[in-house]
Amino acid sequence: MQYLIVIEKIKTGYSSYSPALSGCVATGKTREEVERRMREAIAFHIEGLRQENYAVPGPQSYSTYIDVAV
């Protein structure tokens with residue numbers, strides 16, 4: 001399953017979250033590291049939902065770029 005993740009540059013590296021999985025976040029010093037950690041965080045998050053018999057939400061978000069005249 002594919003989940004959208006948002007990666008943002010911060011002072012100490014990168015931060016990431018998934019809009020479909022509330023509270024599922026990760027940080028890393030590089031993009032590669034934050035992506036790897038986010039994969040691990042999503043797997044852990046989903047495992048916890050299943051253990052507690054909660055429904056696992058499917059992907060609900062998408063992203064795109066838009067042009068804005070400035």
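The values are calculated or read from the model by the stated rules, or taken from the named source; none is laboratory data. All of these numbers come straight from a predicted model, not from anything done at the bench. Methodologically, a virtual Cβ is constructed for each residue, glycine included, from the backbone with ideal geometry; neighbour enumeration extends over all protein chains shown.
Each residue in the stretch 14-68 was checked for being small (Gly, Ala, Ser) and farther than 15 Å from Tyr3 by Cα, and 4 pass. For the stretch 20-50, a tally of residues being part of a loop (DSSP other than H, G, I, E, B) and touching a strand residue (DSSP E or B) at 6+ places or on another chain (Cβ under 7 Å) returns 3. Evaluate the stretch 63-70: report whether one residue or more is surrounded by fewer than 13 Cβ atoms within 10 Å (Cβ to Cβ), under 15 Å from the mean Cα position of the chain (by Cα) and not basic (Lys, Arg). Checked against the condition, which is being surrounded by fewer than 13 Cβ atoms within 10 Å (Cβ to Cβ), under 15 Å from the mean Cα position of the chain (by Cα) and not basic (Lys, Arg), the stretch 63-70 yields at least one hit. Selection of first residues in the stretch 19-44 that are modelled with pLDDT of 95 or more and among the β-branched types (Val, Ile, Thr) and of second residues that are surrounded by fewer than 18 Cβ atoms within 10 Å (Cβ to Cβ) and assigned to a helix (DSSP H, G or I), restricted to Cβ pairs under 9 Å at least 6 apart or on distinct chains, gives the following pairs, ordered by first then second residue: Thr27/Glu33; Thr27/Arg37.
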